[in-house]
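Okay, structure first, notes after.
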Amino acid sequence: MNNDPRDIINREPMKARQILVIGLCVFLNALDGFDILAITFAAPGIMQDWSIGKDVMGIVFSAGLLSMTLGSFVLPPLADRIGRRKITLICLVIMSGGMFLSALSSDIYHLAFWRFITGLGIGGMIPTINAISSEFSNEKRRNFSVCVMGIGYAIGGFVGGSAAAVLLSHFAWPSVFIFGGCAALLILPVAYFFMPESIEFLVTRKGQEALPEANAILRTLGHSEAEEIRISETPAKAGIMELFTRDKLRLTLALTFSYLLNIMTVYYILTWVPSIVTDLGFDKVNGTQVSVWVSVGGIIGGALFGWVATFRDLRKMLIALMLSAGVLVIIFGQVPPDLMLLKIVGFLLGFCIYGSTVGLFALLARSYPTTLRATGTGFVVGAGRGGSTIGPVIVGFLLAAGFGIPEVSIIMASGAIIAGLILLLPVVARQSTAPQA
């Protein structure tokens with residue numbers, strides 16, 4: 001027998017059931033990725049059917065981002081109180097219902113409302129599965145596990161985008177939302193039966209009382225039982241205000257602004273690529289195909305980043321990717337109407353923007369202790385997305401006002417560049433090399 005259940009998870013090789021949990025988190029993030037991008041796949045058809053402009057469509061995009069912000073604030077703190085597993089299941093129910101009802105929308109107002117509801121589930125899901133991926137992994141593979149979870153978003157864009165291209169070539173835009181709703185509904189029983197609660201969460205919340213339940217989960221995972229629980233911290237009562245204490249305030253602000261500015265650039269690419277491609281004279285299917293190549297680059301970039309991050313400096317790699325992403329966004333704005341060239345630049349963009357996004361999730365998982373992991377991640381992601389909601393609206397109005405893609409791309413590229421520079425701050429540098437609590 002071993003001493004503490006957390007030591008068993010941290011030090012012993014990962015078992016098949018742990019890998020299954022990480023894989024399930026990848027699938028859940030893929031579902032999130034598809035749900036977020038579903039509106040971009042459907043956007044050209046929606047604008048055509050309802051005779052609306054890019055400025056109005058930008059408001060619909062922002063409605064989803066705004067609710068993701070709210071979901072990130074409200075649901076992850078509950079995951080730090082009632083459990084990661086319960087919140088994951090609740091988010092799945094919300095996402096499934098929101099997607100189905102989006103498909104039934106009869107006008108832009110109903111669609112914006114149901115996208116708002118869907119975004120609540122997405123906002124709560126991502127920080128929660130980020131914590132799950134970290135806490136079910138051993139110390140050696142933790143960066144890799146969180147990064148692999150992160151590329152689920154790109155997988156969702158790739159698989160979902162490919163499916164959307166087929167659906168849109170045969171059916172109207174509501175078929176995209178029906179597909180997403182069915183996927184969320186199908187994964188719900190799998191998550192219910194195969195995702196146990198996090199041992200680290202149980203121990204932190206319940207102390208010595210968690211030993212029988214923790215041992216039961218260890219047996220399920222294929223590990224030997226623990227003898228006792230080492231009490232190294234008081235069972236958590238901390239809430240979101242703990243993020244603003246003297247020793248965490250500067251870190252929280254730095255991470256939040258870095259995430260906000262980076263994600264504004266990311267969402268510019270993910271949200272507007274299909275419409276930009278169609279404006280260059282290509283059809284809706286070609287627009288979706290370019291988005292798929294962005295996702296392919298993201299899958300490769302995220303996986304490669306996760307592997308390298310097991311033995312290289314996470315923060316320095318993040319800075320390089322963010323700066324590269326900014327340069328590539330500017331280049332994307334100058335690309336002539338050549339479909340193959342658009343796909344190549346899209347692939348490289350996906351490599352950098354997804355790599356930087358999954359790297360930020362890995363940095364967040366290491367920046368906060370167990371008692372604040374979901375709350376801290378949720379706040380940074382929520383506040384970042386909240387600030388970035390203005391991005392699609394600004395882009396929509398700039399395009400509607402006659403600004404060209406080259407000018408808009410330069411403006412939006414600045415976000416990723418500044419985000420990378422923020423990570424040079426000493427408070428982030430110290431945290432990135434500190435032992436994980």
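The values are calculated or read from the model by the stated rules, or taken from the named source; none is laboratory data. Quick caveat, the model's predicted, so the values are computed rather than measured. Methodologically, a virtual Cβ is constructed for each residue, glycine included, from the backbone with ideal geometry; neighbour enumeration extends over all protein chains shown.
Name the pairs: first residue in the stretch 297-312 and hydroxyl-bearing (Ser, Thr, Tyr) and crowded, with 17+ Cβ neighbours inside 10 Å, second residue at pLDDT 85 or above and part of a helix (DSSP H, G or I), Cβ to Cβ under 7 Å, at least 6 apart or on different chains?
Every condition considered, no pair remains.
Identify, please: which residue in the stretch 281-296 is touching a residue at least 24 places away in the same chain (Cβ under 8 Å) and over 21 Å from the mean Cα position of the chain (by Cα) and is, among those, nearest to residue 358 (Cα to Cα)?
The extreme case among them is 289.
Taking the stretch 151-180, which residues are of a type in the set (A, V, I, L, M, F, W, C) and under 17 Å from residue 118 (Cβ atoms)?
164, 173, 176, 177, 178, 179
Taking the stretch 160-182, which residues are part of a helix (DSSP H, G or I) and either out of contact with any helix residue (DSSP H, G or I) (no Cβ under 7 Å at 6 or more places or on another chain) or at positive phi (or both)?
166, 170, 182
What pairs come out if I take residues in the stretch 125-147 that are without any contact (Cβ under 8 Å) to a residue 12 or more places away in the chain and pair them with residues that are of a type in the set (S, T, N, Q) whose C-beta lies under 8 Å away, six or more apart or interchain?
none
Can you go through 278, 256, 220 and tell me which one is within 25 Å of the chain's Cα centre (by Cα) and of a type in the set (Ser, Thr, Tyr)?
On inspection, the qualifying residue turns out to be 256.
What number of residues within the stretch 333-358 satisfy the criterion of being farther than 29 Å from residue 147 by Cα and either under 19 Å from the mean Cα position of the chain (by Cα) or aromatic (Phe, Trp, Tyr) (or both)?
So the answer is 0.
Only one of 251, 255, 243, 261 is in contact with a Phe, Trp or Tyr (Cβ under 7 Å, 6 or more places away or on another chain), surrounded by 18 or more Cβ atoms within 10 Å (Cβ to Cβ) and either modelled with pLDDT under 85 or closer than 30 Å to residue 380 by Cα (or both). Can you tell me which?
Answer to the selection: 243.
Among the candidates 380, 427, single out the residue that is at pLDDT below 85, assigned to a helix (DSSP H, G or I) and either among the basic types (Lys, Arg) or more than 20 Å from residue 349 (Cα to Cα) (or both).
Going through 380, 427 in turn, the sole match is 427.
From the set of residues in the stretch 1-31 that are part of a loop (DSSP other than H, G, I, E, B) and over 27 Å from the mean Cα position of the chain (by Cα), which is modelled with the highest pLDDT?
That would be 12.
Condition check ((1) within 13 Å of the chain's Cα centre (by Cα); (2) under 30 Å from residue 314 (Cβ atoms)) across all residues:
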position: 49; (1), (2): no, no
position: 64; (1), (2): no, yes
position: 126; (1), (2): yes, yes
position: 155; (1), (2): yes, yes
position: 162; (1), (2): no, no
